[in-house]
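The structure under discussion appears below in the form of structure tokens.
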């Protein structure tokens, strides 16, 4: 392993979500222009089985669905993308994330909530935007899709993985899997067209590699809880033994920052264990307006993450800040 990672992979978390409403095409175009290496796509299904780019299976925290379709909530009071056709979702006005009970923005200093004319994009719309920008700019920005709640989708009678994978294949992603070598782990993104497919559910990650034959790079996301609702044992996946087993099917992990450093900022063994298993480590999430308590600035966080912990990249709401740090430390 290298002594210092000065070329971390920059992943635009939900696009340039620190500046524009998350997962809108406008946020992805801005992140592309700001120099991100990868743009993230969280994916859920519509009623008519179209993959759309949304962080949650719910849509009442980022749209005016409660106003336009007040009778369409479920008994739990929430509105689900899966209960709406694509045509219906396209009528919604997308907003900066807000508390559905109060209407108050989650991040008060970001783009004004309930402002602008944004809409929910489909996976295909986003891929075509990114590939178009790659052609017109001469850049080669990758995609980083996440399959959201596959077990829940199965319970609802929908198979999100079987729907998404053919789309990725059609657009040239995932056909050739490259085992991540030392150069790639150091941040070399020359092997394109790049795609990392990610998921929080271990059984689905295993299914993607085995039953569904996904040949592209595959990342196991690690939640900051002992076990997931689907039964994933995250505690085991933070151990050397668990990561060694995971490496038989996956190429990397996406842990929370709390898995890399404890609450006092002390480095854990997670990155060391992952690198020993030859897994790339892309933690989440850098937010300049919600930094961990153990750092006073984004630069201090990057120093700890990439120099002390030797992580291979970061999901960031403010991807330009990581790009700038990377440029000045080379």
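The values are calculated or read from the model by the stated rules, or taken from the named source; none is laboratory data. Note that this is a predicted model, so its numbers are computed, not measured. Using ideal geometry, Cβ is built from the backbone for each residue, glycine included, and neighbour counts are taken over all protein chains shown.
Miscellaneous remarks
- Put simply, of 24, 9 the only residue that is closer than 14 Å to residue 317 by Cβ and surrounded by 24 or more Cβ atoms within 10 Å (Cβ to Cβ) is 24.
- Residue match in the stretch 62-76 (condition: modelled with pLDDT of 95 or more, loosely packed, with under 14 Cβ neighbours inside 10 Å and closer than 20 Å to residue 154 by Cβ): yes
- Applying the condition of being out of contact with any strand residue (DSSP E or B) (no Cβ under 9 Å at 6 or more places or on another chain) and in a loop (DSSP other than H, G, I, E, B) to the stretch 137-158 and asking which residue is farthest from residue 38 (Cα to Cα) yields 157.
- Considering only residues in the stretch 91-106 that are out of contact with any strand residue (DSSP E or B) (no Cβ under 7 Å at 6 or more places or on another chain), at negative phi and free of Cβ contacts under 8 Å to residues at least 40 places away in the same chain, the one that is surrounded by the fewest Cβ atoms within 10 Å (Cβ to Cβ) turns out to be 102.
- Evaluation of residue 109 against (1) in contact (Cβ under 8 Å) with a residue 60 or more places away in the chain; (2) out of contact with any strand residue (DSSP E or B) (no Cβ under 6 Å at 6 or more places or on another chain); (3) closer than 24 Å to residue 150 by Cβ (one fails), failing number: (3)
- Condition check for residue 14: at pLDDT 95 or above, touching a helix residue (DSSP H, G or I) at 6+ places or on another chain (Cβ under 8 Å), within 30 Å of residue 134 (Cα to Cα) and not in a helix (DSSP H, G or I): yes
- Contacts under 9 angstrom Cβ, first residue in the stretch 300-311 being on the phi > 0 side of the Ramachandran plot, partner surrounded by fewer than 20 Cβ atoms within 10 Å (Cβ to Cβ) and at pLDDT below 95, 6 or more apart: 310/1; 310/2; 310/3; 310/4
- The number of residues in the stretch 216-246 that are loosely packed, with under 14 Cβ neighbours inside 10 Å and in a loop (DSSP other than H, G, I, E, B) comes to 6.
- Residue among 88, 128 that is without any contact (Cβ under 8 Å) to a residue 60 or more places away in the chain, outside any strand (DSSP E or B) and closer than 26 Å to residue 19 by Cβ: 128
- Scanning the stretch 21-30 for residues that are touching a strand residue (DSSP E or B) at 6+ places or on another chain (Cβ under 8 Å) and either in a loop (DSSP other than H, G, I, E, B) or at pLDDT below 95 (or both) returns 21, 23, 24.
- If you go through the stretch 31-66 and pick out every residue that is part of a helix (DSSP H, G or I) and either out of contact with any strand residue (DSSP E or B) (no Cβ under 9 Å at 6 or more places or on another chain) or over 19 Å from residue 284 (Cβ atoms) (or both), you end up with 4.
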